[in-house]
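Some notes on the structure that comes next.
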Amino acid sequence: MTDADAAAPDPAPGRLPWELHPALTAERLRICARLLANARRDALAMASHELGDDAWSVGCRAYAFSRHRLRRTAEAGHHAWLGVLDGSHHFVFLIEDVPVRFYRGPADDPTERTLRRHEIESQQLSLALGERAGTDGLVFRFAVETDERGRVGRVVFLALRGEEATECAWPVPLDNPLPASEEGSRLPAQPRLIADEGRDAPAAPERGPLNGGSRFPLPRPRRSGRPGRRRSGLP
C-alpha cells in the first residue's frame, strides 16, 4: 500500500433517498420504479423483430411508454405527490416538488447526457432543496438496468452531484413476495412486477434475484478520458 493510499479517506456511506429530501419515500420511489419497469415490459411485449424492431426501436418505444405512463398516472390523480414538470422529450417529473428524470443504463456509469440539466430542472431543484442545489450539479435519476434481451433487472434511484460524486444509490424494491413453492427456484427471470393502477400484475413463470431495497457500495464511473473517481458524501 502506498503512502497516497494510506492517506486517502474511506468513502462515506451512501445516504438514503429520504435523508436527502422527505418527499423521496420508499413507497413513492417504488411506485415510480414500477411504472418504469412495466412500461419497458409492455414495449418488449409489442416488439416485432420479424418486421424490423431492434434494440434502438424498442428502447425508443420504452422511453415513450414510460413518459406516457408517468404522465397518465399523474393526470389521473391517483397520487397527489406525482406531477410532470416538463412533458417534452427531455421529460422531467415531480415527486412532490423534487424533479426527477430516468434513463436506461447501468447505475454505476451515468453518461454526460444523463447528468445534463435544463434550466427548468435547475430552477425546480433550487425551490425544493435551496439555491445551492440548483447550482452545484445535483440531479435525481432512476437508472433502469436491463439484461442482454432488454428485460428489466433492477431499478436504482440515484442522487448524483456533478460528474464525480454519488450521494445516493438505492436499488428500489419492485417485487411481490413469491409463493413458498417458488422459494427454492434458481431460474433467472424478470421481477414479479406489481400492477399499475387498474391493471393486473403479470405472472412470472421463473424467479430471479430480487431488489431488496438495501444499501450497496456506491458506484465508481467507468468513463474513458475522465480522471479521478466519483466521490461519495456531501462536500
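Restricting Ala165, Ala133 to those that are over 22 Å from Leu85 (Cα atoms) and modelled with pLDDT under 85 reduces the list to Ala165.
Somewhere in region 20-29, is a residue modelled with pLDDT of 90 or more, among the β-branched types (Val, Ile, Thr) and on the phi < 0 side of the Ramachandran plot?
We begin by selecting, within region 20-29, every residue modelled with pLDDT of 90 or more; these are 20-29.
Cutting the leftovers down to among the β-branched types (Val, Ile, Thr) gives us 25.
Checking which are on the phi < 0 side of the Ramachandran plot leaves us with 25.
Yes.
The values are calculated or read from the model by the stated rules, or taken from the named source; none is laboratory data. From a predicted model like this one, the values you see are computed outputs, not experimental measurements.
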